Amino acid sequence: MRDFLLFWLLLFSCLGIAQPSKLLLLDEETSEFLPEVNFQLFHQKKKVFEGIAPEKEALTLPQIVFDSITFSKFNFEPKGFSKDSLNDIVYLKKKIYALDEVVVGVQPGKITLGEHNRILPHSRGMYLQKQLFFGILLSNDQAFDLALEHVQWYVKKVVHPTKYRILFYKVVVNREVIQRTNISPLQAIPVYISPVQTLEPKQKNKINTPVDYLLTSGEEILVSIELVDYVDANQTVISPPLEEQTLVKFQCSDETNFYTKYRDVVTEKETEELFNANVWINYDFAFYFYKKPSKSTIRTPTVNLIGRKL
């Protein structure tokens, strides 16, 4: 995995040296492929060409003399470059729209952070781990503080009593290589650890775990559900086979806030960092196929924060 990342870093740096003839146009936040972007070429401040990027391929620039270029697309901020500063990957930023202060939650009188999309019953899910292995990055974008009361999440049918806890981490997000955005566990500081809870055999679907945390306005946390132990009826610690371990369900996602470690299929070693899974997928689909992945491919564990306005 490390050699793979170094390869891409070297490739991007080399590509950035030459003035590219083909451009990959991506959403700055999600790394999704952006088709049909308007562009204009200028020479000595005079427009010499205008066109629209293709729907299912990279933009090939015409062979004419120009010294600057601009890009525009509905709901995105316009962006311009000099020819000398133009790289083979161009990121456009979505316009920011003001949101209502009050967010209506799924429970009356409550405020919910996170997504409520279609749950994927046939997906494998995510096994609980005794470490920071995956998490959902959520933030309080409101002008008020939130008193968090529950973490709502979904599990597949539990086989063995499962002791677990919820952790909130303050993290540093590394966006040095946008398409491989990641979080280092070494820079993840726990700011809240819930009391140990137990999932009982045959429990499934929605789980509400009580928490007690004040999420201040503008604060961002990584929400992680972590395994403590599997036990038997006598509370003796056991090690069930993989197929009998507890799984968190996935849902379809419109966001890019799911971070997870990866295991190399050959070496079976884990990456040190937690990578932004959906940014990675979006970028690879854009780079190799010039399209967005299907809705069922972009997914995230079904985790929500529920609280009340202070």
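The values are calculated or read from the model by the stated rules, or taken from the named source; none is laboratory data. This one's a predicted model, so the numbers in the text were calculated from it and none came from an experiment. Here the Cβ positions follow ideal geometry from the backbone for every residue, glycine too, while neighbour counts run over all protein chains shown. Areas reflect the complete protein model, heavy atoms only, side chains present, ligands, DNA and RNA absent. Shrake-Rupley method; radii C 1.70, N 1.55, O 1.52, S 1.80 Å.
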| Is one or more of the residues making up segment 228-240 modelled with pLDDT of 95 or more, in contact with a helix residue (DSSP H, G or I) (Cβ under 7 Å, 6 or more places away or on another chain), assigned to a strand (DSSP E or B) and surrounded by 13 or more Cβ atoms within 10 Å (Cβ to Cβ)? | no
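Condition check ((1) within 24 Å of the chain's Cα centre (by Cα); (2) of a type in the set (Val, Ile, Thr); (3) modelled with pLDDT of 95 or more; (4) not in a strand (DSSP E or B)) across all residues:
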| position | (1), (2), (3), (4) |
| --- | --- |
| Thr70 | no, yes, yes, no |
| Phe81 | no, no, yes, no |
| Asp84 | no, no, no, yes |
| Ile96 | yes, yes, no, yes |
| Leu99 | yes, no, no, yes |
| Val103 | yes, yes, no, yes |
| remark: Taking segment 111-132 and the residues there that are open to solvent by less than 50 Å² (accessible area, probe 1.4 Å) and either part of a strand (DSSP E or B) or of a type in the set (Val, Ile, Thr) (or both), the one that is modelled with the lowest pLDDT would be Leu120
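Taking segment 133-148, which residues are crowded, with 18+ Cβ neighbours inside 10 Å and in a strand (DSSP E or B)? Before the answer, list the steps.
Narrowing segment 133-148 to residues crowded, with 18+ Cβ neighbours inside 10 Å: 133-138, 140, 142, 146, 148.
If the condition is that a residue be crowded, with 18+ Cβ neighbours inside 10 Å and in a strand (DSSP E or B), then Phe134, Gly135, Ile136, Leu137, Leu138, Leu146, Leu148 are the ones that fit.
Can you tell me which residue among Val158, Val171 is of a type in the set (A, V, I, L, M) and either over 25 Å from the mean Cα position of the chain (by Cα) or open to solvent by 40 Å² or more (accessible area, probe 1.4 Å) (or both)? Reasoning before the result, please.
On the way: Val171 fails: either over 25 Å from the mean Cα position of the chain (by Cα) or open to solvent by 40 Å² or more (accessible area, probe 1.4 Å) (or both).
Selected residue: Val158, the only one of Val158, Val171 that is of a type in the set (A, V, I, L, M) and either over 25 Å from the mean Cα position of the chain (by Cα) or open to solvent by 40 Å² or more (accessible area, probe 1.4 Å) (or both).
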| note | Checking Phe39, Phe12, Phe4 in turn, the sole residue that is more than 24 Å from Glu255 (Cβ to Cβ), surrounded by 14 or more Cβ atoms within 10 Å (Cβ to Cβ) and at pLDDT below 50 turns out to be Phe12
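Among Tyr213, Tyr288, which is loosely packed, with under 14 Cβ neighbours inside 10 Å and over 18 Å from the mean Cα position of the chain (by Cα)?
Numbers: Tyr213 fails: loosely packed, with under 14 Cβ neighbours inside 10 Å.
Going through Tyr213, Tyr288 in turn, just one is loosely packed, with under 14 Cβ neighbours inside 10 Å and over 18 Å from the mean Cα position of the chain (by Cα): Tyr288.
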| message | Conditions first: (1) of a type in the set (Gly, Ala, Ser); (2) within 16 Å of the chain's Cα centre (by Cα); (3) surrounded by fewer than 16 Cβ atoms within 10 Å (Cβ to Cβ). Ala277 passes all but one, so which condition is the exception? | response | (3)
| note | Within segment 174-200, restricting to residues that are open to solvent by less than 20 Å² (accessible area, probe 1.4 Å) and not in a strand (DSSP E or B), the one that is nearest to Leu92 (Cα to Cα) is Gln179
| query | Listed residues Phe258, Phe287; which is in contact (Cβ under 8 Å) with a residue 60 or more places away in the chain, aromatic (Phe, Trp, Tyr) and touching a Pro at 6+ places or on another chain (Cβ under 8 Å)? | reply | Phe258
